[in-house]
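Enquirer: This is the structure I want to talk about, given as structure tokens.
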Amino acid sequence: MPEVATPRFRSVLDRFAAYKPGKTAVSPDGRSYKLSSNESPFGPLPSVLEAIGEAARRVNRYPDNNATALIEAISERFAVPADHIAVGCGSVGVTQMLLEAVAEPGAEVLYAWRSFEAYPVLVALSGAQAVQVPLREETHDLAAMAEAITERTRLIFVCNPNNPTGTAVRRAELESFLDRVPADCLVVLDEAYREYIRDEQVPDGLTLYGDRPNLAVLRTFSKAYGLAGLRVGFLVAHPVVAGAVRKTMLPFSVNSLAQAAAIASLAAEDELLERVEGTVKERHRVVSALRDQGWSVPPTEANFVWLRLGERTLDFAAACEAQGVSVRPFAGEGARVSIGLPEENDAFLAVAAAYPHRNR
Ligand code: PMP
């Protein structure tokens, strides 16, 4: 191909690849079990579908840019004032809004690594400097993170439970960390998997932020509420933080179907949380079965498990794929496997049982 002149791009784009979501494998006999993206395995409830259909009748109109009804519903459900809430296009959209509000060249953004893959991409785009603090035994090393804070640190992500390891930090540890963060530095507690937590010592961020104007709690409708395809997330924080973040929203970025579906999901929450209970039961079953097979599995409070596999990671993912099971490999580190329906989990457990190596 002849060389063509191209537009010039920001040099930061050379530093990372485009975000690659989990993919879907199909076995030679046509079976497919998607355990690669931590989604809910359950389709939408009839009441949610109905709300989406109703909203679809008016898609010639822009959505409510202020998401007034949705924010009211969130406010009522979580007993937080409406001006403490900001919504966005998925919690990843809210993460970008937060960075837009806070990060700039010269600033540092601190987070544990490995953690949610969108953090490095979005931090790089913001122009700020990423500072990554390695996990210790698959868990946030909050003491090391506190040590890594400098006068340039403007934002800190704490992903609780952590994606992809599933581990969660407990109240005492988190509170003593928060006590060490300067008031002008914002901490984002990413609770995308909050509804799957069963360890009572893991705090609900919504009980913490009231005393801490520099703490923002991030939630999503993508996981427990089963709306990953519609993209709606929100944060709860001091009104000064929520107000600043709202200013950075791309206009109309939470579409009208997403707003209607999220409101209907809150109305049907009991049923959705029952489904979550089923996933948590399956998580216990999968973790015990893996341990019985001889695997070492860190404790998980999320809807996925982590297998440390080092150099065998891609080989393990290929063994899964051959049976139509999609997992999320992180080359050289390990694989994250979502908890799905019982038959999906059985398909994964069968591959794990047959795999010739264990990770002890
Ligand atoms: N935070 C964490 C920790 C996640 O794992 C994810 C999704 N994988 C998100 C945020 C983003 O979720 P969404 O944008 O769908 O709300």
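Enquirer: Within segment 143-255, which strands (runs of 3 or more DSSP E) (wholly inside it) include 3 or more residues that are within 28 Å of Ala51 (Cα to Cα)?
Expert: Because the criterion is at least 3 residues that are within 28 Å of Ala51 (Cα to Cα), the strands (runs of 3 or more DSSP E) in segment 143-255 that meet it are 215-220, 233-236.
Enquirer: Looking for something basic (Lys, Arg) and at pLDDT 95 or above - is there at least one such residue anywhere in segment 340-358? Walk me through it before giving the result.
Expert: Step one: filter segment 340-358 for residues basic (Lys, Arg), giving 358.
Filter again for at pLDDT 95 or above, leaving none.
No, the conditions are met nowhere in segment 340-358.
Enquirer: Take segment 1-21 and flag every residue that is surrounded by 10 or more Cβ atoms within 10 Å (Cβ to Cβ) and among the β-branched types (Val, Ile, Thr).
Expert: Val12
Enquirer: Considering only residues that are polar (S, T, N, Q), crowded, with 18+ Cβ neighbours inside 10 Å and under 22 Å from Leu174 (Cα atoms), which ones fall in segment 93-135?
Expert: Thr95, Ser115
Enquirer: When segment 178-201 is examined, which residues are found to be over 18 Å from Leu235 (Cβ atoms) and buried (at least 20 other Cβ atoms within 10 Å of the Cβ)?
Expert: Within segment 178-201, Tyr196 is the sole residue that qualifies.
Enquirer: On to the next question. I want to confirm something. Restricting to segment 151-195 and keeping residues that are among the polar types (S, T, N, Q) and within 25 Å of Phe221 (Cβ to Cβ), which single residue is nearest to the ligand (Cβ to nearest atom)?
Expert: Of the residues in segment 151-195, the ones among the polar types (S, T, N, Q) are 153, 160, 162-163, 165, 167, 176.
Filter once more, keeping what is within 25 Å of Phe221 (Cβ to Cβ): 160, 162-163, 165, 167.
Values: Asn160: 9, Asn162: 8, Asn163: 4, Thr165: 11, Thr167: 12 Å.
By that ranking, first place goes to Asn163.
Enquirer: Okay, next question. For segment 136-161, enumerate the residues that are buried (at least 21 other Cβ atoms within 10 Å of the Cβ), within 27 Å of Ser36 (Cβ to Cβ) and in contact with a Phe, Trp or Tyr (Cβ under 8 Å, 6 or more places away or on another chain).
Expert: The answer is Phe157, Val158, Cys159, Pro161.
Enquirer: Is it true that some residue in segment 33-44 is in contact with a Pro (Cβ under 9 Å, 6 or more places away or on another chain) and of a type in the set (Asp, Glu)?
Expert: no
Enquirer: A follow-up question, please. Would you please list the contacts, defined by Cβ atoms under 7 Å and residues six or more apart or on different chains, that run from a residue in segment 220-246 that is farther than 18 Å from Leu155 by Cβ to a residue that is more than 8 Å from the ligand (Cβ to nearest atom) and part of a strand (DSSP E or B)?
Expert: Filtered contacts from segment 220-246: Val232/Val87.
Enquirer: Report the residue count in segment 1-53 for those that are touching a residue at least 60 places away in the same chain (Cβ under 8 Å) and outside any loop (DSSP other than H, G, I, E, B).
Expert: Final tally of qualifying residues: 9.
Enquirer: Among the residues in segment 69-79, are any of a type outside the set (A, V, I, L, M, F, W, C), part of a helix (DSSP H, G or I) and within 16 Å of the ligand (Cβ to nearest atom)?
Expert: Scanning segment 69-79 turns up no residue that is of a type outside the set (A, V, I, L, M, F, W, C), part of a helix (DSSP H, G or I) and within 16 Å of the ligand (Cβ to nearest atom).
Enquirer: So, in segment 196-229, exactly how many residues are near the ligand (Cβ under 9 Å from one of its atoms) and closer than 22 Å to Glu76 by Cβ?
Expert: 7
Enquirer: If you check every pair at least six apart or on different chains, which have Cβ atoms under 8 Å apart with a residue in segment 66-93 that is under 13 Å from Tyr209 (Cβ atoms) and assigned by the TED database to the domain that holds Ala216 first and a residue that is of a type in the set (S, T, N, Q) and loosely packed, with under 13 Cβ neighbours inside 10 Å second?
Expert: Once the first residue is under 13 Å from Tyr209 (Cβ atoms) and assigned by the TED database to the domain that holds Ala216 and sits in segment 66-93, no partner that is of a type in the set (S, T, N, Q) and loosely packed, with under 13 Cβ neighbours inside 10 Å comes close enough.
The values are calculated or read from the model by the stated rules, or taken from the named source; none is laboratory data. Bear in mind the structure is a predicted one, so any value in this text is a computation, not a measurement. So basically every Cβ, Gly included, is an ideal-geometry build from the backbone, and we count neighbours across all protein chains shown.
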